[in-house]
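Here's the structure, in structure tokens; my notes come after.
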Amino acid sequence: MPDFESVWVKNYSEGVPRHIDYPGIPVHGLLEEAAERYPNNVATIFMGGKLTYRQLLDKVYRFAAALAALGVRKGDRVAIMLPNSPQMVIAYYGVLKAGGVVVAFNPLYVEREIHHQVTDSGSKVMIALDLLFGRLSKVREGAGLEKIIWTSMKDFLPFPLRQLYPIKAKKDGTYVEVPPTAGNYQLTDLLKQYGPNPPAYEFDLAEDLCCLQYTGGTTGVSKGCMLTHRNMVVNATQVYRWYPETKPGQERIMTVLPLFHSYGMTCCMNLSSAIGASMILIPRFIVEDILKAIDKWKPTLFPGAPTMYIAINNHLDVKKYDLKSVGACLSGSAALPVEVQKRFEEITGGYLSEGYGLSEASPVTHSNPLFGNRKAGSIGLPFPDTVSKVVDPDTGDKEMPVGETGELILKGPQVMKGYWNRPDETKETLRNGWLYTGDIAKMDEDGYTYIVDRKKELIIAGGFNIYPREIDEVLYEHPAILEAAAVGVPDEYRGEAVKVFVVLKPGEHLAAEEVIDYCKSKLAKYKVPKYVEFRSELPRTFVGKVLRRVLAEEERKKREEAG
């Protein structure tokens, strides 16, 4: 394993420390300190409406007081099912100030997923969008939800959008009016009813939970990562210190990453509180809306996923918008193709660096230095106070030589406490102080790590190990291809064969044979795809990661039906 102390001196940006003294405060303490230092700074921008840090903290305190009155006590799990909005920020910090543990839900979840996460976490109270009333009504009683606090998208819209929203919703058939029955509460009513008098709790930062962050379920049943207040404050601080040119009190963060996921939670919401930045809240990624928002609100930081940068790069009217305010971007959730990075930096003039993380680590653990030595195709170096190594995936302890592949394991103060109510899986994932990521990686002599693929997505064809990411990278270089994903499919002769799913750029045309021939010129023979399928889009998680498992399962069912 490289000496990371030496690696740091050689490769890291000037001003990025190897070790950090972290604030000894709970997560909501970040917001409280921001409100004290920058009370009149804009904290949130949502559809043109704004809240200052003073106004935001007042609403957080009122909501925490309301939750306490409704019976929420320290350690209680409280569900939040909201899109990016001021309500999401108020709910998140309000739950924490009330002593609760945040259990964030994707608003796209179906009844089965909602039921699993509510019952698994033991949540009795939920804060939700009124548009979800139909779904939640079906699972509420069976899942044991006792109270639901409802809010509408219009509640924090500026005038005149607030007045126009119900009219448009009724016209579109999306208007929902939650009945005032027992167990139903309106967020806006609670904020008026209760004063800014929250309960006062002492927190054991290393033990008390901030949130149960449920994994995306891409490799199995979704399970809750127990992230402590210490974990989350540490990771937000690590991200902040990674950008040595960050100007506290002056930054604006493009917040389109979902705040119900640890990536957006840390790199947008908690980072904003840590540095007194303004969050430009975007409920969902629509490239035209993003371009307009960047042009109007001038974000300086833009954490995102490769799919977002790809969409911006390929937008036909991208030159019409001023994107030069964007100074730094941390790309995560999936591999960042080199061509995407180069093009985005040409358009914005900013820096786009590939990083890496997982829910079990709050989530960020690695990144390429923004202004230091960046290596294309690499996830970079470990964050401050973080160490990683590559080990034999079979033994789990033998360290692999430089340049050879194995499982990436890591340790650091941002690593979770364990999985909620899953001691066996916790023991499997956390061993001797190391987090076993399940990702296949290699490390070079400078300590830079390269993710090869998911341990469970490895394709074995004719005895050869094939890593899908390598094939994806080659396909991304093709001028007609927008997106691509390789998976293994059953093959009678080789055990598995490679099939690629391809999305073409608008107006482009390719035949399957052309894709295969292109791969033959770039890859070893055993890695060349045997099958090609063109699609209009690829299935993804809510943070943009391609669901190879879904593609492989669809292929399996298709073959079974064909006999």
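The values are calculated or read from the model by the stated rules, or taken from the named source; none is laboratory data. From a predicted model like this one, the values you see are computed outputs, not experimental measurements. Using ideal geometry, Cβ is built from the backbone for each residue, glycine included, and neighbour counts are taken over all protein chains shown.
Reported count of residues in the range 354-370, each being among the hydroxyl-bearing types (Ser, Thr, Tyr), buried (at least 24 other Cβ atoms within 10 Å of the Cβ) and outside any loop (DSSP other than H, G, I, E, B), is 3. Just one residue in the set 354, 407, 399, 425 is touching a Leu at 6+ places or on another chain (Cβ under 6 Å), among the acidic types (Asp, Glu) and closer than 30 Å to residue 227 by Cα; that residue is 354. Quick check on my filter: what residues within the range 423-448 are surrounded by fewer than 17 Cβ atoms within 10 Å (Cβ to Cβ) and in contact (Cβ under 8 Å) with a residue 60 or more places away in the chain? Those that are surrounded by fewer than 17 Cβ atoms within 10 Å (Cβ to Cβ) and in contact (Cβ under 8 Å) with a residue 60 or more places away in the chain: 425, 444, 445, 446. With respect to (1) closer than 16 Å to residue 78 by Cα; (2) modelled with pLDDT under 90, the lone exception for residue 175 is condition (1).
Just one of the listed residues (51, 31, 108) is modelled with pLDDT of 95 or more and within 30 Å of residue 177 (Cβ to Cβ), and it is 51. Restricting attention to the range 137-179, the residues being of a type outside the set (Gly, Ala, Ser) and over 26 Å from residue 49 (Cβ atoms) number 8. Filtered by the rule that a residue be assigned to a strand (DSSP E or B) and either surrounded by 22 or more Cβ atoms within 10 Å (Cβ to Cβ) or free of Cβ contacts under 8 Å to residues at least 60 places away in the same chain (or both), the range 399-418 gives 406, 407, 408, 409, 410, 411.
Among the candidates 309, 263, the residue that is more than 30 Å from residue 229 (Cα to Cα), assigned to a helix (DSSP H, G or I) and aromatic (Phe, Trp, Tyr) is uniquely 309. Screening residue 274 against (1) among the hydrophobic types (A, V, I, L, M, F, W, C); (2) in contact with a strand residue (DSSP E or B) (Cβ under 8 Å, 6 or more places away or on another chain); (3) farther than 21 Å from residue 334 by Cβ leaves a single unmet condition, (2).
Of note, residue 280 does not satisfy the criterion of being of a type in the set (Val, Ile, Thr), closer than 24 Å to residue 367 by Cβ and assigned to a helix (DSSP H, G or I). Would you confirm, using the coordinates I've provided, whether residue 253 is in a helix (DSSP H, G or I) and of a type in the set (Val, Ile, Thr)? It is false that residue 253 is in a helix (DSSP H, G or I) and of a type in the set (Val, Ile, Thr).
This table checks each residue for (1) modelled with pLDDT of 80 or more; (2) touching a helix residue (DSSP H, G or I) at 6+ places or on another chain (Cβ under 8 Å); (3) surrounded by fewer than 22 Cβ atoms within 10 Å (Cβ to Cβ).
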{"position": "470", "(1), (2), (3)": "no, yes, yes"}
{"position": "485", "(1), (2), (3)": "yes, yes, no"}
{"position": "495", "(1), (2), (3)": "no, no, yes"}
{"position": "498", "(1), (2), (3)": "yes, yes, no"}
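For residue 194, the conditions (1) in contact (Cβ under 8 Å) with a residue 40 or more places away in the chain; (2) in contact with a strand residue (DSSP E or B) (Cβ under 6 Å, 6 or more places away or on another chain) all hold with the exception of (2). Within the bounds of the range 60-81, is there any residue that is assigned to a helix (DSSP H, G or I), basic (Lys, Arg) and surrounded by fewer than 24 Cβ atoms within 10 Å (Cβ to Cβ)? Looking for residues that are assigned to a helix (DSSP H, G or I), basic (Lys, Arg) and surrounded by fewer than 24 Cβ atoms within 10 Å (Cβ to Cβ), one finds at least one in the range 60-81, hence yes.
A quick yes/no check of all residues on (1) closer than 18 Å to residue 424 by Cβ; (2) modelled with pLDDT under 90:
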site	(1), (2)
215	yes, yes
218	no, yes
233	no, no
240	no, no
244	no, yes
247	no, no
253	no, no
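The set of residues in the range 371-398 being of a type in the set (A, V, I, L, M) and surrounded by fewer than 22 Cβ atoms within 10 Å (Cβ to Cβ) consists of 376, 387, 391. Tell me which residues, restricted to the range 141-186, are in contact (Cβ under 8 Å) with a residue 24 or more places away in the chain and of a type in the set (Lys, Arg). If the condition is that a residue be in contact (Cβ under 8 Å) with a residue 24 or more places away in the chain and of a type in the set (Lys, Arg), then 147 is the only one that fits. Here is a list of conditions, (1) crowded, with 24+ Cβ neighbours inside 10 Å; (2) under 27 Å from residue 343 (Cα atoms), and residue 288 meets all of them except one; can you say which number that is? It is condition (1) that residue 288 fails.
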